[in-house]
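Notes follow the structure.
Just so it is clear, none of the values below were taken in a lab; they were calculated from the coordinates. The model shown is predicted, which means the values in this text are computed figures rather than measured ones. Note that we place each Cβ from the backbone using ideal geometry, even for glycine, and neighbour counts take in every protein chain shown.
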Amino acid sequence: MSDDPRIAYNDLDAHPLVRAITDLAAHPGDEHAAQRLAAELFGLDTTVPIALAELVLGSEGAFATLARRGIVPGDRRMARAAHELAYLGKLAHEDLAGMLDRYGLADAVPPATAEPPAGRPPALVALRARLVAAPDWDVPVEALAAFHRVEGIGALAINRVLRFTHGTLVGVPHPDPITPEDLIGSDRERAPLAIALAAFVAGGPANDALLYGPPGTGKSASVRALAAGRADAGLRLVQVDRSDAAVITALFAQLEGAGPRCLVLLDDLVFDDAERTDRTLRAALEGDAAMRPENVVVWATSNRLKLMRETRSEREDDLESALGRGEKAALATRFGLRVAFTQLTQDAYVEIATGLVARYGGPQTGDLVGSALRFARSGHGLTPRTARQFAVAWCAGTVPPLPR
């Protein structure tokens, strides 16, 4: 099939690795083709079967797009997809070392022991293992169709954590490793969020949530940790750049489907633009002409409950500005779950700071508690962020000594 262009997997036809393997398989005596393939293989961090399996599972081509919308078993287009998959499976399992050995380039092939990319969604891991085990990739064509229907296409299908930037979904290859077990304190604030997220991941409905409070109180860390705690159940965390909040409906269109369940994070949300982006977001959250996707819930963090900055004239006590303030405050009411993260009490701060020092293996000697409190009072404040900064500084030995 080397001269037969891909249709079902048309997006892979020009991929450098696929193209290089295809060219050398078709022209095994072409030294330049061997050199091009060696150059592609030299940069791989995993095996060729794993790399090609992830390209297939992360496809955005004609078959994946069709399968996302739904394709019934026995559809004639399944046969074309199976035909192309059979060839891609053959390419993935070619003896590339043998093909390159005649040119002294066999050492460019990654070892069979190379690890697969970590932190992938569980459904991808399972199907990837099936493709890596044998070259008959045409056999599970119906499983691939079901995979795209439920898990999505492109970056959504192969990443647990993503960013939506400039209108495009991009995978985060090395997301923040924080988990719920890493968090100390603020359990009361996180409890309703954890309960709501568990119900959502299990397939139930969920209110959008607003986490608000002073900087450093653990809002963003809580979202990332709670999402990571549900990643093994297939949850995706999608962070939206503030500049893209106005086009969140475009994100909803990309995420909409039978799955996966997606937690969209609008971090550090506040509006001060004349374009009134808050109106666009408000309409998107409550559903405008297009119905909200059932597989998407939105959480936002903000330093304030009122998400709009007010001008001086808007703070004046007249009817017109009062109506304006009411409209600007309306966005917050679209979040059915609103959780306040407040400054810590002194005892809670000390508990977190000393707990982190113990977790990091720092010394428990000296005036640990007094130093932690002085660190907070030096302008950092009684917050989880301050506690973490102190613990790092204490363990590194960079906390200023007591004055004599």
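The table for this structure:
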quantity: Distance from the range 201-249 to the range 355-383 (C-alpha centre basis), Å; calculated: 29 Å
quantity: ³J(HN,Hα), Karplus 6.51/-1.76/1.60, whole Hz, each residue of the range 190-198, x for Gly, Pro; calculated: 6, 3, x, 5, 5, 5, 5, 5, 4
quantity: Whole-number percent relative contact order across the range 346-396, with pairs defined as alpha carbons under 8 Å at least 6 apart; calculated: 52 percent
quantity: Relative frequency of Cα-Cα separations exceeding 21 Å in the range 119-262, percent; calculated: 49 percent
quantity: Ranked list, fewest to most other Cβ atoms within 10 Å of each Cβ, for Thr383, Thr365; calculated: Thr365, Thr383
quantity: Paired Rg and Dmax values of the range 10-158, which use every Cα atom, in angstrom; calculated: 15.5, 48
quantity: Calculated FRET value between Ala133 and Thr165, using beta carbons and R₀ = 41 Å, to 0.05; calculated: 0.70
quantity: Estimated inter-spin distance, Ser378 and Asp187, nm [label 7 Å along Cα→Cβ]; calculated: 3.1 nm
quantity: Between 0 and 90°, nearest 10: helix 277-286 axis offset from the chain longest Cα axis; calculated: 70 degrees
quantity: Dipole moment magnitude, nearest 20 debye, the range 346-396 about Cα centre, only Lys, Arg, Asp, Glu C-beta charged; calculated: 180 debye
quantity: With Cα atoms, 0 to 90° folded angle of helix 319-333 axis to the chain main axis; calculated: 50 degrees
quantity: Extension gain from Tyr360 to Ser243, taking 0.36 nm per residue of separation minus the Cα-Cα distance; calculated: 38.5 nm
quantity: Charge dipole of the chain about the Cα centre (unit charges at C-beta), most positive-ward option of Ala33, Ala155, Val132; calculated: Ala155
quantity: GluC sites (Glu not before Pro), loop per DSSP, at most 12 other Cβ atoms within 10 Å - longest free stretch of the chain; calculated: 1-274
quantity: Simple label model, 7 Å out from Cα along Cβ direction - Asp107 to Ala126, nm; calculated: 4.2 nm
quantity: Burial ordering of Trp394, Trp299, fewest other beta-carbon atoms within 10 Å first; calculated: Trp394, Trp299
quantity: Cα pair distances of the range 346-396 binned at 5 Å [whole percent]; calculated: 5, 26, 40, 22, 7, 0
quantity: Rounded, prolate or oblate (a/c below 1.5 giving rounded, otherwise prolate when a/b exceeds b/c) for the range 1-88 by Cα gyration tensor; calculated: prolate
quantity: MRE, 222 nm, helices only [DSSP H, n ≥ 4, -39500 (n - 2.57), over the chain, to nearest 500]; calculated: -14000 deg cm²/dmol
quantity: Magnitude of the charge dipole, the chain, Cβ model with Lys/Arg +1 and Asp/Glu -1, debye to 20; calculated: 1300 debye
quantity: Sorted by Cβ neighbour density within 10 Å, fewest at the top, the residues Leu37, Leu57, Leu169; calculated: Leu169, Leu57, Leu37
quantity: Which labelled figure in (1) 0.94; (2) 1.07; (3) 1.10 is Rg/Rh (Cα atoms, Kirkwood Rh), once derived from the coordinates; calculated: (2)
quantity: Leading residue at positive end of dipole, the chain (Cβ point charges), from Gly370, Leu265, Gln389; calculated: Gly370
